Each structure stands twice: as C-alpha cells, then as structure tokens.
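A short worksheet on the structure shown next.
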Amino acid sequence: MTARTAQNPPELASANPSYNDFEQNTTSPFPTLTVGATADQLGLFRVLSPDGKIIQPDSDLENGTGVSDADALAMLRSMVRQRVLDDRMLALQRQGRIGFYGAATGQEAGTIAAGHALELRDWIHPALREGGMLLHRGWPLWQYLAQIFGNQDDTSTKGRQMPCHYGSREFGYVTLSSVMATQMPQAVGTAYAMAMQHAAPDRPICLGAIGDGATSEGDFHVAMTFAGVMRPRGLGLPLLLYVQNNQWAISTPVAKQTAAPTLASKALGYGLVGARVDGNDALAVLRVMRAAADHVRRGGVPVFVEAVTYRVGAHTTSDDPSRYRDERVTQQWAALDPIERLHNYLKIRGIWQDADLQALREHSDEEVRSTLAKVEQVPPVALETLFEDVYAKVPPHLQAQLAEARRYHAKAQ
Ligand SMILES: Cc1ncc(C[n+]2csc(CCOP(=O)(O)OP(=O)(O)O)c2C)c(N)n1
Ligand SMILES: [Mg+2]
C-alpha cells in the first residue's frame, strides 16, 4: 500500500463533476427526502437524457415522468423567453446601452423549474440568476427592463441599483442583494416569520437561492445551522435552500470551494434534508423541488437542494472566462442545453415541433424588442430623487452635495 504523504495525497472526492464522469443516461432513485439519506445527496436525479428521452419511465406517474404537458410547456415558454431576453441584454451591454448584466444562459431549467415548483404566496430570496422566476410569476417585462435602465418607471429600485437587482413585494421576490450568501439567513428569517403567522400543513414557504461560491461564506454556515435547529411550533421551518452549482464563482472552480463529495452532502452535517438533481433537466428539477416544497409546507425538516449545471457564459458582462478556463469544456456542457432537452422531450411526446420552438423564439424576440423600444423612451430618474427617502427634510450637507451633483451634471451634458 502506498503511504499517504503530502507528496502523495489521497484522492479527494470533488464537488466539481468532470464532464467525462458525468454519465448522462443514468439516474439515481427519486430522493427520499429524509434526514441523513446520503444516497439522495451523493446521487443525481434525472428524468430525461440530453436528447429528451425518459431514462426510466414510471407507468404509475403521469406521462411516465410525473410532470403534466401543461407544466412542461409553461416551463419551456419561460425558458425560451429568458434565453432570448438574456441574449438581447448582452447585446445591449456591448452596444453601451446598459451598464451591466448577469445572464442565466444554460441555467434556464435550474431557474424556471425551481420557480415553477412554488406557489405565488411563497417568497423568494434570489441570487443573481433567478430573475426568470420573477418573470415566470407574471412580473411585467417592462418593469424588468425599467430596472435595468434605471429609468423613471423603475418601481423596484428607483434607479439606484445596478441592473439585475429588481424585486417586487407583490410577486414575493425580494430585491437581489449582491452580497453572496445573504439570501440564506434572510430566507431563514422569512421562513421563521411564516411559521409564526401560518399553521401547517398549509403554509407559505420561502426559497433562499445561492450559487456554489456562496457555500464558502460564513452566512451559509449560519443559515444552515439555524435552518436545522429552529423549530417554531415544534415543526421544521417552511424553508427551501437552493444552490445552483454552475461550477464556477467568477474564476474560482467549485473544487476550490469545498472538498466535500457534493454540495448537497453538506445537508447531513446540519441535520437538514439534502437532495441532488440534474439542473439542466427541467422535469427533474420540478419534481424534486415540488416534493421538497410539499415536505416543508407540511412541517418537515428544511431541504437543501443542489442543482448541478454549468455557467456556459461569462460571470457577468464584466468578465472574460477564456482567461481562466478551458472553453472546450464549456462547449461540452453547452451541448447539454436544457431548452433543447425539454424541446426534444415534447417532440417525442408528439405535442410540439421544431416550428413551434422557432415560433416561440420569434414571439419572445418580438416581445422583448417592442417592450425595449418603449422602455428606452422613458427618461432617467431625476437627480433629486437620489436624496429622497432617508430624511423627512434633506439636511444641509446633503443639499450641498445635491448642488454639486447638479453642477457636475450640467457640465457633463
Ligand atoms: C460576500 C461577497 N464576496 C464577494 C463578492 C463578489 N462576487 C460577486 S458574484 C461572485 C461569485 C458568485 O459565484 P456563485 O456563488 O457560484 O454564483 P454564480 O455567479 O456562479 O451564479 C463574487 C465572488 C460578493 N458579491 N459578495
Ligand atoms: Mg457559481
């Protein structure tokens, strides 16, 4: 036996699945959603292979998948709309018409299907790539774009925030905080309030969403601890913690975030339920998130779900990934496109065709372009508003700053 020394370390299991090891036509059993179920946390639940075939049809389930055609179509519509929207926003940033954008390209299943599993009364504390959940809930596209332009119609942040930091009280979507992992303790607090105000089994629940990089933050540990030990009314919190493991945190690969075998396996140490799912498979994400939502709604122990996916684009428009990673690997993951997978599945079911996808893309493109044309006409917020909403009467030192800002602005015109 070879001695394990610093020069000859034992092989470490890695939360960073190599593409070649990522056998696409296998699936783990549906998660049991019980505390300590390591098979749920180390396996990977899938419904569809990349070409849209059902890996293990279950005749006891609707369509052999457990997902209705209406649900599958609703998710596909939002996923395509999000792809078209993201592509358009990236082009706009390149043209200098917006300052910043963070796309969810390749993660549309992880975003939309997780959002689809919730009810409108449930709340979402989102990270950067969950904006599609808000649109899927019915938030108007013009409001989304108004926030990105920071114009006078920006009801969520009054033009004071970077693009992609939208939120809506009406649609149960808390304004994005840029600070990584803050979503986790905030979601614990929201879930606690929900548990105090509503009785199980029919209570609203809260989703806290993060990326893989956020699992290294102190807030992650704090939230996972509280999620396990807080038991208002003797029940588990109505809480879902959700990580989209897209395998990169800007330039840091997930293998440098943790030596744990999977991110989902972290649930074990905190006494939470953990589950791991293929984040590019909308049907699988929906199935797992629905079951998890039902479990915590009824009072079960909070669930931590890892959706394994890949960030096929740049981190944001301020990033160039070709400087730090092998983009040939990215191309391999890009071929596992979640939209193609769902599209192929619906084609095999005989209710959808290539022409339908094309028409849907064109419809979304037209919607984005026509809404954009209107939103770009709306003027920016007035300078004075920058000084509102804190003091009843603007104090002298801020009045001086306002005067200076006006002088600067007049010169820059
Ligand atoms: C506490 C904190 N540290 C650093 C940053 C800078 N930052 C912004 S996004 C990001 C990486 C996020 O990676 P991940 O959590 O994997 O989410 P992803 O962007 O991949 O969706 C970093 C380091 C930040 N926003 N907050
Ligand atoms: Mg990431």
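The values are calculated or read from the model by the stated rules, or taken from the named source; none is laboratory data. What you are looking at is a predicted structure, and each value in this text was computed from that prediction instead of being measured. Neighbour counts are summed over all protein chains in view; Cβ atoms, including those assigned to glycine, are modelled from backbone coordinates with ideal geometry.
Observations, loosely collected:
- Residues located in the range 168-186, provided they are in a loop (DSSP other than H, G, I, E, B) and on the phi < 0 side of the Ramachandran plot: Arg169, Glu170, Phe171, Val174, Thr175, Leu176, Ser177, Ser178, Val179, Met180, Thr182
- Taking the conditions (1) surrounded by 15 or more Cβ atoms within 10 Å (Cβ to Cβ); (2) modelled with pLDDT under 95; (3) farther than 23 Å from Asp212 by Cα in turn, Asn16 satisfies each one other than (3).
- Any chance Tyr345 is in a helix (DSSP H, G or I) and outside the structural domain of Gln152 (by TED's automatic domain parsing): no
- The range 179-190: number of residues that are touching a residue at least 24 places away in the same chain (Cβ under 8 Å) and surrounded by fewer than 18 Cβ atoms within 10 Å (Cβ to Cβ): 0
- Test: Ala193 is away from ligand 1 (no atom under 16 Å from the Cβ) and without any contact (Cβ under 8 Å) to a residue 60 or more places away in the chain: yes
A quick yes/no check of all residues on (1) surrounded by 14 or more Cβ atoms within 10 Å (Cβ to Cβ); (2) over 30 Å from Gly52 (Cα atoms); (3) in contact (Cβ under 8 Å) with a residue 40 or more places away in the chain:
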{"site": "His343", "(1), (2), (3)": "yes, no, yes"}
{"site": "Lys347", "(1), (2), (3)": "yes, no, yes"}
{"site": "Gly350", "(1), (2), (3)": "no, no, no"}
{"site": "Glu366", "(1), (2), (3)": "no, no, no"}
{"site": "Val375", "(1), (2), (3)": "yes, yes, yes"}
{"site": "Leu386", "(1), (2), (3)": "yes, yes, yes"}
{"site": "Lys393", "(1), (2), (3)": "no, yes, no"}
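- For the range 254-338, the helices (runs of 4 or more DSSP H) that sit wholly inside it and include 1 or more residues that are touching a His at 6+ places or on another chain (Cβ under 9 Å) and crowded, with 19+ Cβ neighbours inside 10 Å are 266-270, 282-297.
- Of the residues making up the range 97-114, one or more are more than 19 Å from Gly167 (Cβ to Cβ), charged (D, E, K, R) and either surrounded by 24 or more Cβ atoms within 10 Å (Cβ to Cβ) or not assigned by TED's automatic domain parsing to the domain that holds Ser168 (or both).
- If you go through the range 352-364 and keep only what is touching a residue at least 40 places away in the same chain (Cβ under 8 Å) and in a helix (DSSP H, G or I), you end up with Leu357, Leu360, Arg361, Ser364.
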